[in-house]
Each structure stands twice: as structure tokens, then as C-alpha cells.
Amino acid sequence: MADTDTQNLAVERGAWKSKLGFILAASGSAIGLGNIVFFASNAYQYGGGAFYLPYFIALFVLGIPVMIVEFSLGTMTGRSFPLALQKLAGKKGEFVGWWSLASALTITMYYITILGWALSMLVGAFGSLLEPGASAPFAPFAEPSEGVSAIAWFFGAVGTIWTLTILLLWRGTETIEKGVRVFVPLMWLFMIALIVRGLTLPGGVDGVLYLFTPNMDGIADVRIWQGAFAQMFFSLSLGLGTMTAYASYLPKTADNVNNSLLVSFLNCGFEYIAGVAIFAMLFVYALNPAGSTLSLSFFVIPQGIASFPIWVKGFGVFFFFLLVIAGLTSAVSLVEGMASALIDKLGISRTRALAFVLVPGIAGSLMFALPTVIDPNLSGNGVLGLTLLDLVDNWAFRYSLLTVGLLECLLIGWVLGADKLRYAVNQHTKFKLPAFFDWMIKVIIPVILSAVLFGTLWQDLTREGGIYGSTYDMPGYGWLPAFIPAAWLVFTLVLAAVLASRPTVESAPHTPVAE
Ligand code: TRP
């Protein structure tokens with residue numbers, strides 16, 4: 001069995017049929033919940049105009065250069081993230097790669113839980129869930145007596161999203177390409193419809209002005225910069241091995257600079273449009289987003305939609321359908337990053353690799369959906385699943401992407417040598433990278449990332465009232481805020497160490513065929 005698998009792999013590691021297929025897949029990965037939900041709520045949280053200057057800077061100083069690095073890792077080696085780093089920067093590189101994928105697994109778990117909500121809301125948007133005056137869609141979870149059917153419903157939605165994700169990955173690039181050809185154009189279409197609707201509502205333009213009026217208060221706060229940088233990495237799908245996996249299915253001669261510019265601009269263009277649509281809606285309905293990112297997307301926006309007159313109800317269906325398809329093409333890429341790395345490393349079949357991700361993945365997603373009430377006063381997130389999600393997200397989202405970005409720049413900059421990467425890239429690009437690029441990778445990006453990482457770590461450790469989440473009033477669960485970051489670190493480090501220590505089964509040669 002293993003032998004035939006290995007032989008098959010050697011002929012078909014996979015390759016994109018066309019450059020368009022790759023661009024659709026990579027931009028489909030980048031455009032996701034991050035663009036529609038997290039960008040708007042981060043921007044709101046940090047004061048609209050104060051956010052987008054750091055964010056704009058982050059695109060050019062961090063986003064595009066790091067994407068060039070991640071694409072090049074893929075095209076230079078024809079391997080997924082850990083093995084690509086191992087080939088170019090040795091054993092330490094491989095460990096960084098696996099740690100990054102272990103973090104990706106954690107993030108995928110809750111990303112899919114959130115998509116499960118979006119799916120539940122999509123179904124709900126057809127019915128009474130969004131009737132004016134209806135309580136928040138997840139109110140049933142706060143009342144154990146009504147909980148049972150809601151749980152079954154929610155678990156079913158999470159299971160459905162996992163199933164769809166795996167189906168899209170079943171035949172690798174072949175099925176991914178088919179999916180993104182339909183979903184990515186649809187996403188743009190829906191977003192354009194939403195923005196036209198938002199701007200033609202009276203008051204909609206004020207929201208846009210709020211978003212785009214520069215506001216320099218608070219710009220000196222390191223959290224804004226860290227928020228903007230983490231958001232940029234997340235939005236562009238950097239730091240979790242995704243872009244390297246996708247680029248590994250390109251020919252060696254692909255133009256990594258051109259592709260990075262294209263994918264980054266498509267992504268950030270979509271994000272600004274989404275920001276405009278959502279801010280217009282927030283202002284029209286005078287909504288007041290509460291503190292957390294999650295509540296903005298899943299309580300405030302649905303309530304806004306609920307308050308629409310009946311003839312614009314279609315808006316809600318549009319919005320949640322958009323969330324589901326945009327999130328699905330991103331979840332697919334997160335899982336592909338891991339599956340392709342397992343295939344490359346262990347020489348196993350795609351089916352097996354997908355099973356290795358699916359089993360812990362679905363368990364994790366269901367854990368984040370647990371409806372047990374632990375915080376009846378709602379000082380935090382109310383139920384166990386959402387609390388776990390909030391705590392894990394705080395650490396995984398805010399630290400892992402930037403840490404991986406820092407380490408990969410150091411490895412490529414100093415161990416491989418940034419000039420080697422630049423020469424390789426420049427052989428196949430119209431926009432030649434200047435020598436200055438080497439210094440960006442070796443010094444400038446690492447200095448910036450270390451500064452924000454240490455800055456926020458310091459803030460986190462010295463925060464009044466203790467570690468993140470310790471102000472929530474959760475009788476009996478007060479240990480969670482300290483336990484979660486520790487458990488997450490141990491889990492990801494051990495998983496990375498185990499995978500990195502396995503022998504590599506060299507199977508698939510670099511076989512991309514198409515341009
Ligand atoms: N970029 C996606 C979004 O904006 C999420 C995502 C997919 C991602 N793959 C990733 C984030 C890899 C970080 C790393 O929703």
C-alpha cells in the first residue's frame with residue numbers, strides 16, 4: 001500500500017493547470033473572514049483612521065516582501081513550508097516550519113467553528129432568526145434549557161464546513177482550482193452588491209468617512225501597530241505555511257514578484273471595499289460594536305441586518321453567503337498547507353494526510369463550539385467554547401504569525417542568504433528586486449517584528465489585572481486564562497518536535513508542468 005502510494009505521489013504531487021488558477025486560489029486564500037470581519041472590527045477598535053496608516057505601511061514594508069519570500073520558498077524547492085525551509089535553511093528551519101503548521105492547525109480549528117456560525121446564520125437569515133427584535137442568534141446557548149437543539153444544530157454546521165473543506169481538497173490542486181473558479185468571482189460580485197447597497201443608504205457615507213479620516217491619536221501605542229501587523233499577516237495568509245504550499249505547485253520559473261503584488265493588491269482592495277460596506281452599515285444603523293472582534297461580526301452585524309426593513313432582508317443572506325464562501329476558500333488553504341507538508345514529509349497518500357488533519361481538527365472545532373455556560377454574568381464570553389476561542393485566538397493570532405514571519409526572515413536572510421533568494425527570484429521576474437531587498441529581509445523586517453512582539457509581550461505580562469482574560473468572571477474556570485497560553489505553547493512545540501524528528505521519505509520530485 002505504502003509503496004504504491006509513494007509511486008503515485010512521485011508522478012502526481014500536483015500542479016496548477018494555469019496561472020489564473022493559482023492567482024484565484026492564492027487570492028481566495030487571502031480573502032476570507034479576515035478581510036470581511038476582522039479588518040472592520042480591528043479598524044473600529046483602534047479608532048478607524050488611526051488603524052489604516054500602520055496598516056498601509058505594513059502592506060509595503062512587511063506584507064509584500066514576506067509574501068515574495070513565502071512564494072519563493074515554494075517555487076525554489078517544490079516543497080511545502082517545513083521541507084522548503086529545511087532545504088534552504090537546515091534542520092532549524094524545518095522545526096520553525098512545523099511549529100508554524102501546528103499553529104495553523106489551532107487556528108484552523110476555530111476558523112472553522114466561526115465558519116460554522118456563519119453557516120448557521122446563513123440558514124437562519126432565511127427564517128425567523130433575523131426578525132426584528134429577535135434576540136442575538138446565540139442567545140439559546142446562554143440558556144441551558146433550550147441548549148440541546150441549538151448544540152446539535154451548531155455541531156452539524158461545523159461538521160458540514162469540515163466536510164466541504166475536505167471535499168474541496170480531495171484531489172488537491174485539481175479540486176481546489178475547480179472550487180475557486182466559482183467561489184472567488186462570486187465573492188467579488190457579492191461584495192460589490194453590498195457596498196452599493198451600503199452607500200446608497202442615507203448616512204452610509206459617514207461610516208466611510210470615519211474609516212478613512214486620518215486620526216493620529218493613539219498612533220504611538222504599540223498595540224495599534226501590532227494589531228495592524230498581525231492583521232496584515234493574517235489577511236495575506238502569511239506565517240502559517242499556506243502561500244508556500246500553494247506556490248510549490250507552480251513551475252520553478254513563476255514570477256514571484258508579480259504574483260505577490262497581484263495577490264496582495266487583490267486582497268487589500270477587497271478588504272477596503274469590505275471595510276466600506278461594513279462601516280456604512282454600522283453607521284446607518286447606529287450600531288455600537290462592543291469590545292471584541294467576535295462580537296462585532298456575530299452579534300452586532302447580524303443585529304444590524306435584523307433591523308433592516310423586510311425588503312432588504314436579502315442583504316443578510318448575501319452577507320452570510322459571502323462569509324461562508326470566502327471563509328471556505330481560506331480554510332481549504334490552511335488545511336492544504338498542513339496536508340501537503342505531511343505528504344511531502346511522510347510520503348503518505350493525500351487521503352491519509354487529510355485524515356491526520358481532520359481528526360484533531362474536527363475535535364478542536366467542536367471544542368470551540370461547546371455551549372456550557374461558565375460566565376453567567378457575561379463579563380467575558382458566556383459559554384465555554386467561545387471563551388476558549390477568545391483565549392486561544394488572543395495568543396495564536398497575535399503571536400504565532402509574527403513570530404514565524406520573524407524567524408523565516410532571519411533564516412532566509414542569514415542562513416540561506418537573502419541575496420541567494422533575490423538572485424533566484426530575479427531570474428524570472430519583470431520587476432527586479434533591488435539589493436536593498438536583502439536588508440529588508442535581514443534587518444529591517446526582523447527589527448520591526450521583534451520590536452512589536454517584545455513590546456506587546458511586555459504589555460501582556462505587565463498588564464494591570466493580570467493576563468488576558470483574567471478579568472472575566474468565570475466561577476470555577478478562573479485558571480483558564482493562564483492555562484490556555486501554556487497549553488497552546490506545549491501542544492505546538494511538542495507536535496513540531498515530533499514531526500521534525502521523523503525521517504523524511506523522499507518521494508515526489510519537483511514536477512510542476514504548467515505556466
Ligand atoms: N487570510 C485568510 C483570511 O483573511 C485566513 C487564512 C487563510 C490565513 N490561510 C491563512 C491566515 C494562513 C494566516 C495564515 O481570512
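The values are calculated or read from the model by the stated rules, or taken from the named source; none is laboratory data. The model shown is predicted, which means the values in this text are computed figures rather than measured ones. Here the Cβ positions follow ideal geometry from the backbone for every residue, glycine too, while neighbour counts run over all protein chains shown. For the accessible areas, the whole protein counts, side chains as well, though only heavy atoms, and no ligand, DNA or RNA atoms are used. Shrake-Rupley method; radii C 1.70, N 1.55, O 1.52, S 1.80 Å.
Free of Cβ contacts under 8 Å to residues at least 60 places away in the same chain and touching an Asp or Glu at 6+ places or on another chain (Cβ under 7 Å): which single residue out of Asp473, Asp438 fits that description?
Going through Asp473, Asp438 in turn, the sole match is Asp438.
Within the set of pairs 6 or more residues apart or between chains, which connect a residue that is within 18 Å of Pro82 (Cα to Cα) and at pLDDT below 95 inside the range 312-340 to a residue that is within 12 Å of the ligand (Cβ to nearest atom) and in a helix (DSSP H, G or I) with Cβ atoms less than 8 Å apart?
As it stands, the answer is none, since no pair meets every condition given.
When you go through Leu250, Leu236 one by one, which is the residue that is within 30 Å of Pro82 (Cα to Cα) and either open to solvent by 10 Å² or more (accessible area, probe 1.4 Å) or touching a Pro at 6+ places or on another chain (Cβ under 7 Å) (or both)?
Step by step, each of Leu250, Leu236 is checked, and only Leu250 is within 30 Å of Pro82 (Cα to Cα) and either open to solvent by 10 Å² or more (accessible area, probe 1.4 Å) or touching a Pro at 6+ places or on another chain (Cβ under 7 Å) (or both).
Test of understanding: among Ile448, Ile467, Ile412, which residue is out of contact with any strand residue (DSSP E or B) (no Cβ under 6 Å at 6 or more places or on another chain) and under 30 Å from Ser340 (Cα atoms)?
Going through Ile448, Ile467, Ile412 in turn, the sole match is Ile412.
Identify, from the list Leu105, Leu88, Leu20, Leu119, the residue that is within 12 Å of the ligand (Cβ to nearest atom), within 30 Å of Glu174 (Cβ to Cβ) and open to solvent by 10 Å² or more (accessible area, probe 1.4 Å).
Leu105
Among what's in the range 326-381 and is crowded, with 23+ Cβ neighbours inside 10 Å and among the acidic types (Asp, Glu), pick the residue that is farthest from the ligand (Cβ to nearest atom).
This residue is Asp344.
Answer yes or no: is there a residue in the range 131-146 that is touching a Pro at 6+ places or on another chain (Cβ under 6 Å), modelled with pLDDT of 95 or more and either more than 16 Å from the ligand (Cβ to nearest atom) or more than 21 Å from Leu406 (Cα to Cα) (or both).
No, the range 131-146 contains no residue that is touching a Pro at 6+ places or on another chain (Cβ under 6 Å), modelled with pLDDT of 95 or more and either more than 16 Å from the ligand (Cβ to nearest atom) or more than 21 Å from Leu406 (Cα to Cα) (or both).
State whether the residues of the range 31-51 include one that is polar (S, T, N, Q), more than 16 Å from the ligand (Cβ to nearest atom) and within 18 Å of Ser260 (Cα to Cα).
For the range 31-51, residues polar (S, T, N, Q), more than 16 Å from the ligand (Cβ to nearest atom) and within 18 Å of Ser260 (Cα to Cα): absent.
Okay, residues lined up against (1) surrounded by fewer than 16 Cβ atoms within 10 Å (Cβ to Cβ); (2) modelled with pLDDT of 85 or more; (3) away from the ligand (no atom under 14 Å from the Cβ); (4) farther than 30 Å from Val61 by Cβ:
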| site | (1), (2), (3), (4) |
| --- | --- |
| Ala150 | no, no, yes, yes |
| Ala157 | no, yes, yes, yes |
| Leu186 | yes, yes, yes, yes |
| Gly207 | no, no, yes, no |
| Leu211 | no, no, yes, no |
| Arg223 | no, no, yes, no |
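Considering only the range 478-515, how many residues are modelled with pLDDT under 90 and crowded, with 18+ Cβ neighbours inside 10 Å?
Total satisfying the criteria: 3.
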